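These notes are about the structure you will find just below.
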Amino acid sequence: SIQLKIMVVATGVAKVLRFAPDMTVHEVIKEIKIKTETGGADFGLYQPPLNGKKARWLQKQRTLKYYDIANNVR
């Protein structure tokens, strides 16, 4: 599993949550909505710039593995 630090902008709260690498971004968003009791139709995952990569919005049909996302609980 992958541990990700999720910042919920609406509440200003950061949480560390676990996800399977083969989950789609859509599935991850659904889990975040359930676990944080927040989010709406316009809810998405944004990856800030990291290690020379540009910031980007993650496409809902792609998996975490596709984006080569690893643990980031710093």
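The values are calculated or read from the model by the stated rules, or taken from the named source; none is laboratory data. Please read these numbers as outputs of a predicted model, since none were measured by experiment. For neighbour counting, all protein chains shown are included, and Cβ atoms are generated from backbone atoms with ideal geometry for every residue, glycine included. Accessible surface areas use protein heavy atoms only, side chains included; no ligands, DNA or RNA. Shrake-Rupley method; radii C 1.70, N 1.55, O 1.52, S 1.80 Å.
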| region 1-17: number of residues that are farther than 18 Å from D42 by Cβ and in contact with a helix residue (DSSP H, G or I) (Cβ under 9 Å, 6 or more places away or on another chain) | 4
| field | Extreme residue, modelled with the highest pLDDT, among residues of region 7-49 that are within 17 Å of L64 (Cβ to Cβ) and among the polar types (S, T, N, Q) | value | T24
| Any idea how many residues of region 22-74 are in a strand (DSSP E or B), exposed (fewer than 12 other Cβ atoms within 10 Å of the Cβ) and charged (D, E, K, R)? | 1
| note | Those residues of region 2-15 that are over 10 Å from the mean Cα position of the chain (by Cα), open to solvent by 70 Å² or more (accessible area, probe 1.4 Å) and either touching a residue at least 12 places away in the same chain (Cβ under 8 Å) or closer than 14 Å to L58 by Cα (or both) come to a total of 3
